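S.K.: Mind having a look at this structure? Questions to follow.
The values are calculated or read from the model by the stated rules, or taken from the named source; none is laboratory data. As the structure is a computational prediction, the values presented were derived from the model and not from experiment. Here the Cβ positions follow ideal geometry from the backbone for every residue, glycine too, while neighbour counts run over all protein chains shown. Note: areas computed on protein heavy atoms with side chains; ligands, DNA, RNA excluded. Shrake-Rupley method; radii C 1.70, N 1.55, O 1.52, S 1.80 Å.
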Amino acid sequence: MTDRLGELSAAGVAIWLDDLSRVRLSSGGLDQLRREKHLVGVTSNPTIFAKALSAADEYNWQLKDLAIRGVDVEEAVRMLTTYDVRWACDVMRPAYDASAGVDGRVSIEVDPRLAHETEKTVAEAGALWWLIDRPNLFIKIPATEAGLPAITATLAQGISVNVTLIFGLDRYSQVMEAFLAGLEQAKANGHDLSKIGSVASFFVSRVDSEVDKRLEKIGSDQAKALRGKAAIANARLAYERYCEVFASDRWQALADAGAHPQRPLWASTSTKNPDYRDVMYVEELIAPGTVNTMPEPTIHAFADHGELRGGDTVTGCYDDARKVFADLQAVGVDMADVVAVLEREGVEKFEASWVELLDGVKKSLTEAAKGTGHPGKAAKGSATAAERAGGNA
């Protein structure tokens, strides 16, 4: 039987899961994916946590304890989410050790309401880093204008960073600059660069969703023929820039000091349009030194019918990608405006999910305080988490 995910990994693509929940942890599902599906990383975000905490009894015992202590909702959210991420870090620790610290990473995002506040983002990143206290943690910082200096300052402290919400090429270049500057400062501060990791999360399917909407509105045959092409072209040109930056003398000086490159991570890689092939954002973005973070259905879909077509599907496609961009401009699609809209909406969506998370936890705390929770059901999962933490700390 063909091991398509194994072949994808051999082609240089690190397979990460775009999901996390305590049910997945307590059931052993995450560990099973690591052992059986070549999974080497996990990402989370406010939307994922809002969904997880609204749909599982496994949190009830902890909510009961937090309610008894009388903590506010902000602290409760922090305790609940960091518990899950710490546990996930322990589950993924074998992948971290096997890859000398490159993979086996688990990401947690700073409060998205801080996306436009540099100093508070840096402080929040530091607090999450020491609270979770695992070497294979990534702190997710959005690639907003205020986020860029926060990325540099956080890396300078020796903290590993997943830069999220990247949509455009120019902003991606700024992210790589922030990364290089952060590592240079970290080196000057005496940190071991080999212990610092980073990925740059370049969003994919959302680009097609926005561009396709505009192409439909334009309505010409030329415009409609470009549907489903913008996102892949955008990501391929991002990889071209990655290759240029990480072939520079500036990077080589950091590599000589033990640094690992900041890998491009393809995020939002499930197709939103049912007319598109369900694994096209995996098949069309295979390149060495990349990460593809997928929802579990996409992982299983690729395992079932994904095609590698000889390996690298990015390098050598740059001219075709530039033509797509030229054709989009010719029919009237302003990619700069597309990127601006997507960044703004990305931050707004995560802020809305965070508010939903806060509201849900506030309600759960109230119910737990009244004794309507069911702590016994989840206590067993808690013991497993404690055992994992004790064994892998």
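S.K.: Which angle between 0 and 90 degrees, to the nearest 10, do you get for helix 73-91 versus the longest principal axis of the chain when only C-alpha atoms count?
M.R.: The two axes meet at around 70 degrees.
S.K.: If you put +1 on each Lys and Arg Cβ and -1 on each Asp and Glu Cβ, how big is the dipole of the chain around its Cα centre, in Debye rounded to 20? All intermediate terms of the calculation are to be shown ahead of the outcome.
M.R.: Values: 44 positive and 57 negative charges, 152 e Å.
So the dipole magnitude of the chain works out to roughly 740 debye.
S.K.: If you don't mind, another one. So which of LYS195/LYS363; LYS187/LYS362; LYS64/LYS140; LYS37/LYS349; LYS140/LYS213; LYS217/LYS363 end up more than 32 Å apart by C-alpha? Numbers along the way, then the final one.
M.R.: Working: LYS195/LYS363 40 Å; LYS187/LYS362 42 Å; LYS64/LYS140 29 Å; LYS37/LYS349 30 Å; LYS140/LYS213 29 Å; LYS217/LYS363 42 Å.
Going by Cα-Cα distance, LYS195/LYS363; LYS187/LYS362; LYS217/LYS363 fall outside the 32 Å limit.
S.K.: If the only charges are +1 at each Lys and Arg Cβ and -1 at each Asp and Glu Cβ, what is the size of the charge dipole of the stretch 136-231 around the Cα centre, to the nearest 20 debye? Intermediate results must be reported in sequence, preceding the final value.
M.R.: Details: 11 positive and 10 negative charges, 53 e Å.
With Lys and Arg at +1 and Asp and Glu at -1, about 260 debye.
S.K.: Here's a follow-up. Computed from these coordinates, which is Rg/Rh (Cα atoms, Kirkwood Rh): (1) 0.97; (2) 1.07; (3) 0.99?
M.R.: Structure-derived value, by its label: (1).
S.K.: Of VAL110, CYS243, VAL71, which is farthest along the charge dipole of the chain in the positive direction, counting Lys and Arg as +1 and Asp and Glu as -1 at C-beta?
M.R.: So the residue furthest toward the plus end is VAL71.
S.K.: Could you please state how large a percent of the accessible area of the stretch 146-235 is carbon and sulfur, counting protein chains only and using a 1.4 Å probe?
M.R.: Values: 1410 of 3010 Å².
Percent of accessible area from carbon and sulfur atoms in the stretch 146-235: 47.
S.K.: Got a sec to turn the phi values of the stretch 273-284 into Karplus ³J(HN,Hα) couplings, 6.51 cos²θ - 1.76 cosθ + 1.60 with θ = phi - 60°, whole Hz, x for Gly and Pro?
M.R.: Each residue's phi maps through the Karplus curve to give 9, x, 6, 8, 4, 5, 10, 5, 7, 9, 4, 8 Hz.
S.K.: Let me ask something else. Expressed as a rounded percentage, what relative contact order does the chain have, with Cα pairs under 8 Å and six or more residues apart? Walk me through the numbers before you get to the answer.
M.R.: On the way: 687 pairs, mean separation 96.3, N = 393.
Reported as a whole number, the value is 24 percent.
S.K.: Pull out a ≥ b ≥ c, the square roots of the eigenvalues of the alpha-carbon gyration tensor of the stretch 79-207, then state rounded if a/c is under 1.5, prolate if not and a/b is larger than b/c, and oblate in the remaining case. Working shown, then result.
M.R.: Values: a/c = 1.37, a/b = 1.24, b/c = 1.10.
Rounded, because the longest to shortest axis ratio a/c is under 1.5.
S.K.: What dipole magnitude, in Debye to the nearest 20, does the stretch 59-168 give about its Cα centre under +1 on Lys/Arg Cβ and -1 on Asp/Glu Cβ? Intermediate values should be presented prior to the final figure.
M.R.: On the way: 10 positive and 15 negative charges, 41 e Å.
Dipole of the stretch 59-168, to the nearest 20 debye: 200 debye.
S.K.: Over the Cα atoms of the stretch 4-108, what radius of gyration and what Dmax do you get, in Å?
M.R.: According to the Cα coordinates of the stretch 4-108, Rg and Dmax are 15.2, 51 Å.
S.K.: Using a Förster radius of 35 Å, what is the FRET efficiency between ASP57 and LYS217 based on their Cβ-Cβ separation? Nearest 0.05, please. All intermediate terms of the calculation are to be shown ahead of the outcome.
M.R.: Numbers: r = 45 Å, r/R0 = 1.29.
Using R0 = 35 Å, I get an efficiency of 0.20.
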